[in-house]
Amino acid sequence: MPAPMRPAPRTPMVFTGLGSRKAISAFDKNVVLSNLIPLSDDMPFWKQHFKQMDLVIEAVFEDLSLKHRVIKGMEEVVPERCIIATNTSSLAVKEIAKASKRPENVVGMHYFSPADKMQLVEIIPHEGTSKEVIATAVQVGLKQGKLPVVCKDVPGFFVNRCLAPYIDESMVLAYELENLLDMDKAIKSFGFPIGPMALADEVGVDIAFHLHANLRGDPTMGQRMSGANVQAMKVLQEAGIKGKRFGCGFLSYPDKKKGSILSSVTGLISKPKGVTVNPVASEAMKPFLKLTKNTAEDIQQRVSGRFINEAVYCLQDGVIRNAVDGDLAAIFGVGFPPFSGGPFRYIDRIGVAKYTDQLNRLADKYGPRFQPAPLLVDMAKTGKKFHA
């Protein structure tokens with residue numbers, strides 16, 4: 001069977017970082033580290049430890065057959081009471097649970113990367129998960145210092161389900177703008193900590209495009225994922241645009257550790273240049289460009305609008321329990337502008353009727369992907385707000 005989960009090699013480094021920021025004392029750090037027991041399946045005593053487990057969190061690669069093997073292997077060792085949580089980001093929890101002899105003990109716990117810094121954890125029960133298991137998963141998240149939000153077992157759960165249309169619209173705009181940096185600048189000005197192009201580079205263009213394809217293939221999304229040119233995105237991937245960790249993303253980044261050394265000519269060291277558009281990406285995008293004039297406000301309304309409207313769909317369809325959960329998850333999961341209070345408080349502040357009209361104008365100009373969620377339309381008619 002696959003090796004049992006073990007503390008990652010960076011674990012001591014994480015605690016060293018916390019100590020340097022005075023977030024944890026040296027004593028508390030040492031107490032926590034002393035409780036960690038690295039295990040592997042070539043150690044004869046690992047089963048003794050797992051026989052005492054109350055909860056196991058698997059975090060293997062997003063491959064359904066692999067997750068099935070892990071669950072079956074764990075259930076041969078762990079006690080019947082043990083909860084098996086899956087840290088899946090894209091697979092249906094109900095499909096993962098099919099490999100379990102005790103599916104009522106299987107639940108999703110989706111941590112956001114980097115897990116030691118991101119506060120949100122999505123708790124995803126499938127239809128057969130027991131209430132006790134859901135409650136325990138929430139309590140574990142709280143003990144870890146996380147913000148747990150319970151979500152429905154649908155493609156993308158909540159945060160990634162909202163993020164997919166955001167990615168879709170950013171890939172429409174990418175081919176309309178002369179400079180990709182204009183989009184990131186506009187979205188950062190709106191209040192997001194990072195723009196769409198830099199975000200794709202950070203998480204991995206391959207991962208972002210996989211998320212996009214996953215949600216595009218979800219029939220419940222309808223025309224809400226119909227904006228981007230899939231062929232153009234495929235050409236980008238074929239050109240090697242995979243993201244920052246591969247050294248080839250949408251953007252080129254300066255080396256913060258060293259500048260351009262010109263000592264051979266002048267004896268001086270120049271400061272590194274700022275972020276620029278990757279010429280490889282620019283070349284791959286050329287055949288599909290449809291340059292259109294867009295102001296910063298146009299960019300902000302289109303990209304944020306796709307995210308916000310999908311958040312309303314999620315509330316309407318029961319993906320999240322209430323608007324408070326949606327606001328918190330959006331802020332702590334993807335960095336939705338914190339000062340806005342989240343997507344639902346943002347709508348309340350602008351006015352539900354006014355925001356619905358804004359989406360209708362965008363739909364008239366750009367197509368049905370901007371059509372406001374029925375819940376939003378109904379609330380606009382009755383004058384209701386998301387928050388009292």
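Heavy atoms only, probe 1.4 angstrom, no DNA, RNA or ligands counted: give me Asp168, Asp255, Asp42 ranked by accessible area, highest first.
Asp42, Asp255, Asp168
Starting from the alpha-carbon convex hull of region 274-388, give the projected area averaged over all orientations, in nm².
Over all viewing directions, region 274-388 projects a mean Cα-hull area of 9.4 nm².
With every protein chain left in place and a probe of 1.4 Å, what is the accessible surface of Cys162, to the nearest 10 Å²?
0
Among residues other than Met183 whose Cβ falls under 12 Å from its Cβ, what is the net charge (Lys/Arg +1, Asp/Glu -1)?
Counting the neighbours of Met183, the net charge comes to -3.
In the structure displayed, which of Lys244/Lys286; Lys143/Lys385; Lys365/Lys385; Lys293/Lys354 lie more than 31 Å apart, Cα to Cα?
Those over the limit are Lys143/Lys385.
Mean residue ellipticity at 222 nm from the helices of the chain, using -39,500 (n - 2.57) per DSSP H segment of n ≥ 4 over the full residue count, to the nearest 500 deg cm²/dmol?
It lands at -14000 deg cm²/dmol.
Protein chains only, probe 1.4 Å: how do Leu315, Leu291 rank by accessible area, largest first?
Listed by decreasing accessible area, they come as Leu291, Leu315.
Step through the residues of region 194-199 one at a time and calculate ³J(HN,Hα) from phi using the Karplus curve (6.51 cos²θ - 1.76 cosθ + 1.60, θ = phi - 60°), rounding each to whole Hz and writing x for Gly and Pro.
Coupling constants for region 194-199: 8, x, x, 5, 5, 5 Hz.
If you take every residue apart from Tyr166 with its C-beta less than 9 Å away from the C-beta of Tyr166, what net charge results, scoring Lys and Arg +1 and Asp and Glu -1?
Charge balance near Tyr166 sits at -2.
Under a 5 Å amide H to amide H cut-off, with H placed in plane at 1.01 Å, what residues pair with Val277 once short-range neighbours are removed?
Residues meeting the criterion, in which the H sits 1.01 Å from N, are Ser252.
Considering only protein heavy atoms and a probe of 1.4 Å, how much of the accessible area of the chain is carbon and sulfur, as a whole percent?
56
Quick one: accessible surface of Asp28, probe radius 1.4 Å, all protein chains present, in square angstrom to the nearest 10.
70
Please compute the length gained on full extension between Gln48 and Thr382, using 0.36 nm multiplied by the number of residues separating them and subtracting their Cα-Cα distance.
114.2 nm is the gain from fully extending Gln48 to Thr382.
Kindly provide the trypsin sites (Lys or Arg not before Pro) of region 85-186 that DSSP labels as loop, not H, G, I, E or B, and whose Cβ sees at most 12 other Cβ atoms within 10 Å.
Sparse-neighbourhood loop trypsin sites (Lys or Arg not before Pro): Lys101, Lys117.
From the backbone phi of region 236-248, what are the Karplus-calculated ³J(HN,Hα) couplings (6.51 cos²θ - 1.76 cosθ + 1.60, θ = phi - 60°) in whole Hz, Gly and Pro given as x?
Whole-Hz 3J(HN,Hα) from phi for region 236-248: 4, 5, 5, 7, x, 7, 10, x, 4, 5, 8, x, 8.
Could you tell me what % of all Cα pairs in the chain have separations over 34 Å?
The proportion of pairs with Cα distances above 34 Å equals 37 percent.
Using the Karplus curve 6.51 cos²θ - 1.76 cosθ + 1.60 with θ = phi - 60°, work out ³J(HN,Hα) for each residue of region 296-311 in order, rounded to whole Hz, and write x for Gly and Pro.
For region 296-311, the Karplus-derived couplings read 4, 5, 4, 4, 4, 5, 6, 6, 5, x, 5, 5, 5, 4, 5, 4 Hz, x marking Gly and Pro.
If the elastic network links every pair of Cα atoms under 10 Å, which of Val235, Val172, Val32 fluctuates the most in the Gaussian network model of the chain?
Among Val235, Val172, Val32, the largest mean-square fluctuation in the Gaussian network model of the chain belongs to Val32.
To the nearest whole percent, what portion of all C-alpha pairs in region 167-243 is separated by more than 18 angstrom?
Of all Cα-Cα distances in region 167-243, 41 percent exceed 18 Å.
Taking only the alpha-carbon atoms of region 111-262, what semi-axes of the equivalent ellipsoid follow from 5 times the gyration tensor eigenvalues under a square root, in whole Å, largest first?
Working through the eigenvalues yields semi-axes of 32, 22, 13 Å.
Give the value in nm², to one decimal: projected area of the alpha carbon convex hull of region 130-180, averaged over all directions.
5.1
Can you tell which of Ala85, Ala311, Ala99 shows the greatest fluctuation in a Gaussian network model of the chain with Cα springs below 10 Å?
Largest GNM mean-square fluctuation: Ala99.
The values are calculated or read from the model by the stated rules, or taken from the named source; none is laboratory data. Quantities reported herein were computed from a predicted structural model and do not represent experimental measurements. FYI the Cβ positions are ideal-geometry reconstructions off the backbone, even for glycines, and counts take in every protein chain you see. Heavy atoms of the whole protein, side chains included, go into the accessibility calculation; ligands, DNA and RNA do not. Shrake-Rupley method; radii C 1.70, N 1.55, O 1.52, S 1.80 Å.
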